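The values are calculated or read from the model by the stated rules, or taken from the named source; none is laboratory data. The structure presented is a predicted model; accordingly, all values stated were derived computationally and were not measured. Cβ: placed from backbone, ideal geometry, glycine included. Neighbour counts: every protein chain shown.
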Amino acid sequence: MCRRSTIGSVRRRRGFFVQADRGQKQAVKEIVDDMLLPQPMHRLLQGDVGAGKTIVALLAAIVAMENGLQVAFMAPTEILAAQHYGNIARLLSQSRFRVDMLTGSTPGSRSTRCTRTSSAGRRT
């Protein structure tokens, strides 16, 4: 269960700026409201290409990370995974959060290191 956080508080604490539209703000609010509940959330975020689903997911992820939780983004292709990784790494570059990418083609030693670091809950 998470404590309440808003887009504004995330922006102020981390210098993170995203111009979210009304629908995105509403989606983030609903997700965060669900995160405040003790039971697991079952939610599907859907929208057209370019509608801002990734930003909504990232804002919700930041709330989770602010509460000490780990977050994983999953993508159906390595190309999309690389795009998401690049965008998220850029957006969070000034934050305290570590961003990494693990795909099916990640070399063995790097994959093992990434998995061990994540499993141990290390942020750096």
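Scanning segment 44-58 for residues that are under 12 Å from the mean Cα position of the chain (by Cα) and free of Cβ contacts under 8 Å to residues at least 12 places away in the same chain yields a single hit, 53. Listed by first and then second residue, the pairs with beta-carbon distance under 6 Å, at least 6 apart or on different chains, first residue in segment 59-85 and within 19 Å of residue 44 (Cα to Cα), second of a type in the set (Phe, Trp, Tyr) and part of a loop (DSSP other than H, G, I, E, B), are 84/73. Of all residues being surrounded by 15 or more Cβ atoms within 10 Å (Cβ to Cβ) and at pLDDT 90 or above in segment 76-91, which is farthest from residue 55 (Cα to Cα)? Just the residue, please. Here the answer is 81. Checked against the criteria, residue 10 counts as touching an Asp or Glu at 6+ places or on another chain (Cβ under 9 Å) and either closer than 21 Å to residue 96 by Cα or at pLDDT 90 or above (or both).
The condition of being modelled with pLDDT under 90 and either closer than 19 Å to residue 91 by Cβ or of a type outside the set (Val, Ile, Thr) (or both) holds for only one of 19, 26, that being 19. Answer with yes or no whether residue 63 is of a type in the set (Val, Ile, Thr) and surrounded by 16 or more Cβ atoms within 10 Å (Cβ to Cβ). So residue 63 fits the description; yes.
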